[in-house]
Every structure is written in C-alpha cells, then in structure tokens.
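A.B. asks: Got a structure for you, questions after.
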Amino acid sequence: MGRTKGPLRLNTFLHTPVIGAPPRLPLPAPSPAVALRARQQLTPVTPIMGWGLPLAAALLVALPVFLQAPWVRLAPFSAALFTAPLLLAGVALAQRRPPVWSTAGVLLVGFSGSWLGGCLFWGWCRLHPLWHLPIEAFALPLAVAGLGGRWRLAGSFYLASLAGTACTDAVMALTGVMQRWTAVLQAPLDQAPVLLHQAAQGVLQPLPLAATLLAAWLLVDQCRRYWHHPDPAWRLAASAIATTLAVDGLFLAAALWAPQLSGLI
C-alpha cells in the first residue's frame, strides 16, 4: 500500500469512502409535530406550563365577572385606565429570566387586551349588543400577529376569550335573548330582575334549548380536543373557552333562580 502524500487531514478522513459500506443518504427533515415533541422533551416543564397555565387562564376569564363588571358599572373610565398598569406589568414580567415569571407576563399581556375591550363595551356601549363583538375584537390583528413569536400565549388567550364571546353572542341571538338585551339594561332596578327572568325562561323553550345544548356540546368537544394538543397554547385556549362556558351557565342559572344577583343588571 502506498502512503498518502502529506498529512492526513480530518476532513479528508471523514469524506473518504469505506469499501463495502453503503453511502449515507441525507435524513428527511422531521415534521413540525415531531419537532415540537422533541423540543418539549428537551425543555423542562415548569409548573405554570403544566396545570398552572390552564388554571391561570380560567382565573383570568372568571375575574372580570366579579371584579370588572361592578367596577365598570361604577367607574368605567378608571377601569379602562387600569389597562395601562396591567400591560406594563405584563411586559415587565415577560422580560424576567425565570420561565414562570416570563410566561405569567405574556399571559397578562393577552389579558390586558380582553380587559380593555370589556371596559369599552360595558362602560359606554352596553346598550348596543351588536357592537359587543366588534369592540371586543379591537386587538385581533395584534393577537394574530403574536401567534408566530414570543407572544404566542398572549394571542392564544385573547383569541380564545374572543371566541368564547362570539359563541355566547351567537347563542343569545339564536335564543332571542339578544332582542331583550336593551330592555333589561334600561329597566329600573325593581323591574330588571323580572325582565331578565323572562328572558332566561325563553331559553328553556324547545328550540332555543336545543340550540343552547348543541352549542355547549360542540364547545366541550372542541375543548377536549384542544386539551390533548401537545402545544401549551391550545391547552390554554381550551381552559379559557371552557371557563367562558361555565360562566355562561352560571349566568343562566342566576337569571332563572336568582335574577337579582345576576351580573347583567
């Protein structure tokens, strides 16, 4: 055997074919789902990315029912201004290095959009139910743009909350509740519970009840599918939509058995 001329370089050795060994073919690129699972296996799951994230989303959906609704009714301007500290706190937390704090900050940014939309509608446009969804959707372009970057969870929470609002308004329109919306809100305090109770009883009629149950079943089925998705953003959306459905059921039950306690009045 003859000797090779000059020193044996590493790149020469790696590219020298071996007799009897088949040439290696380039491996195909993994699919996005496989790549996502691989990243999740390499990335440690923090508490907020497990059960903490869905619980936080559920809390942020239910919080406006008990805090924002009475605040907007008494002082809508200050409630709307509260969006600024919410947004600033979310952006500041998103810059923190611990994943728990940064994830909480991103989620708070998405919640600030839903908070402002609710304040704008319930503070100044509550007598115009057809304006509900367009006003709540004011940040839709920003939420969609954020899905492709670091604000993915913020956009997912905002879009899930908006989807829950759209489903609620659609069912209210199909069951006839939307037609009584303005009358209930404009009625005196002693008459509003009676009108609200009558509107809720209309939902129990055969066709409205069938539409309500069908919509609830479809939402529950979608939430079940989203919950088992490997992407945490889908589990976040499932939690937000499911909580919206639970709050709607609570409102309906209150309008039927204790209308004076309903947050719509």
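The values are calculated or read from the model by the stated rules, or taken from the named source; none is laboratory data. The structure presented is a predicted model; accordingly, all values stated were derived computationally and were not measured. With ideal geometry, Cβ positions are generated from the backbone for all residues, glycine too; neighbour counts draw on all protein chains shown.
A.B. asks: Quick one: is L86 assigned to a helix (DSSP H, G or I), at pLDDT 95 or above, surrounded by fewer than 22 Cβ atoms within 10 Å (Cβ to Cβ) and in contact with a Ser or Thr (Cβ under 6 Å, 6 or more places away or on another chain)? Full working, then the answer.
C.D. replies: Working: assigned to a helix (DSSP H, G or I): yes; at pLDDT 95 or above: yes; surrounded by fewer than 22 Cβ atoms within 10 Å (Cβ to Cβ): yes; in contact with a Ser or Thr (Cβ under 6 Å, 6 or more places away or on another chain): yes.
Answer is yes for this residue.
A.B. asks: Shifting gears a bit: May I ask you to say which residue of A160, A233, A183, A242 is modelled with pLDDT of 95 or more and either within 30 Å of Q95 (Cβ to Cβ) or surrounded by fewer than 16 Cβ atoms within 10 Å (Cβ to Cβ) (or both)?
C.D. replies: Answer to the check: A160.
A.B. asks: Out of L245, L185, which single residue is part of a helix (DSSP H, G or I) and more than 19 Å from C125 (Cα to Cα)?
C.D. replies: Only one candidate qualifies: L245.
A.B. asks: Still on this model: Here is a check on your reading of the model: is S161 hydroxyl-bearing (S, T, Y) and either outside any helix (DSSP H, G or I) or free of Cβ contacts under 8 Å to residues at least 40 places away in the same chain (or both)?
C.D. replies: No, not satisfied.
A.B. asks: Filter the range 205-226 for residues that are in contact (Cβ under 8 Å) with a residue 40 or more places away in the chain and surrounded by fewer than 19 Cβ atoms within 10 Å (Cβ to Cβ); which is farthest from Y158 (Cα to Cα)?
C.D. replies: Keep residues of the range 205-226 that are in contact (Cβ under 8 Å) with a residue 40 or more places away in the chain, which gives 211-212, 215, 219.
Remaining after also requiring surrounded by fewer than 19 Cβ atoms within 10 Å (Cβ to Cβ): 211, 215.
Working: A211: 26, A215: 21 Å.
Out of the qualifying residues, it is A211.
A.B. asks: Residues of the range 194-204 being touching a residue at least 60 places away in the same chain (Cβ under 8 Å) and more than 19 Å from G249 (Cβ to Cβ), which ones?
C.D. replies: V194
A.B. asks: Something else now. Of the residues that make up the range 116-130, is at least one outside any helix (DSSP H, G or I) and of a type in the set (A, V, I, L, M)?
C.D. replies: Yes, some residue in the range 116-130 is outside any helix (DSSP H, G or I) and of a type in the set (A, V, I, L, M).
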